[in-house]
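Working notes, structure below.
The values are calculated or read from the model by the stated rules, or taken from the named source; none is laboratory data. Keep in mind it's a predicted model, so treat the numbers as computed, not measured. Cβ sites come from the backbone with ideal geometry, for glycine too, and all protein chains shown count toward neighbours.
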Amino acid sequence: MITAGFDRCALLLRRALVLGLAACLAACATVRIGYEFGDTLVFAWADGYLDFDSRQQAFAKAKLQAWLDWHRHSELPAYVALIGEAQSAVATEVTATDILGFEMRVRARLRETVEREAADLSRLALMLSAAQIDRLERKLAEGTEKARRDRAAEERTLETRTARYVKRLEPWLGDVRAEQRVELKAMLAVRPSNWEGAFLARQRSQAELVRLLRRIQTTRPDLSVVRDALLAWMSQVADPIDPANPARSQQTRTEVGEMLARMLNSADAEQRATLAKRLSGYAEDFRVLVARATPRQGLLTQ
């Protein structure tokens, strides 16, 4: 239900690739807890950015719950299947092509989510006031600046860059061995970071959203026009390619895929068992959530 949420979700998916299939649903201690309380948590997050009035609160809560219902019924079974594919793939040697192909299938699910949300987000956009859009712009800028400072610290040296990647691998593989750290460090040493460019792209995307919302607020276009414009913006966030340098964007994905493939292929038996357990845990959580679902009709207006 929230526009800026796609930014975070897409970044998580791009960074984690095959290891991060469930990252968007794993922000809380467990997937089940996060999902069961998702409507409350996400609404509070969105309200912090926009400060909803009573009419907007009622609309956002109803549509958010409807989206979660749809996602539980329609998307979680697909994620279970994707996890099964990942489990089969990582049981043997994988290539960057394998990982990128899997990423494409995850992105396809994300695009489906984007399309399902577009109509309701368009209605919400038409409800926003100028003051709310100003607040959103300020909150987005504050969040991006904090993230930029944190990332700058992580990118300060090759050692801190390596530590950042190790930190992201350990929840999935357990302890990263000394020789794996050395290999990871060597790969990063020859790969330009370009993290500042990524933040510039993020700022441009956020500025584009704010400009779009302001146009909507002042010109009051038809709902279909708003939907098409928001859908175009969200699609770009869900599958980001730098229009100024699409080849570099693809190269970055390939390089990350190659690094992940090498880390997976170097995993020992204990690390593979840790990864298998983690993936199986997510699959089981998703199955339980689907089993608990209550059928509803008219989940989202298209």
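With respect to the conditions (1) surrounded by fewer than 15 Cβ atoms within 10 Å (Cβ to Cβ); (2) touching a residue at least 40 places away in the same chain (Cβ under 8 Å); (3) outside any helix (DSSP H, G or I), VAL94 falls short on a single one, namely (1). For the criterion of being at pLDDT 85 or above and either under 20 Å from the mean Cα position of the chain (by Cα) or part of a helix (DSSP H, G or I) (or both), LEU124 passes.
Yes/no per residue for (1) closer than 25 Å to THR113 by Cβ; (2) modelled with pLDDT of 85 or more; (3) part of a helix (DSSP H, G or I):
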residue: ALA198; (1), (2), (3): yes, no, yes
residue: ALA207; (1), (2), (3): yes, yes, yes
residue: ARG214; (1), (2), (3): no, yes, yes
residue: THR218; (1), (2), (3): no, yes, yes
residue: SER224; (1), (2), (3): yes, yes, yes
residue: SER249; (1), (2), (3): yes, no, yes
residue: VAL256; (1), (2), (3): yes, yes, yes
residue: ARG262; (1), (2), (3): no, yes, yes
residue: ALA267; (1), (2), (3): no, yes, no
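The condition (being over 19 Å from the mean Cα position of the chain (by Cα), among the basic types (Lys, Arg) and over 26 Å from SER193 (Cα atoms)) is satisfied by just one residue among ARG116, ARG138, ARG109, ARG149: ARG138.
If you go through the range 167-179 and pick out every residue that is modelled with pLDDT of 95 or more and assigned to a helix (DSSP H, G or I), you end up with 2.
ILE33 satisfies every condition listed in (1) closer than 30 Å to ALA276 by Cα; (2) at pLDDT below 50 except (2).
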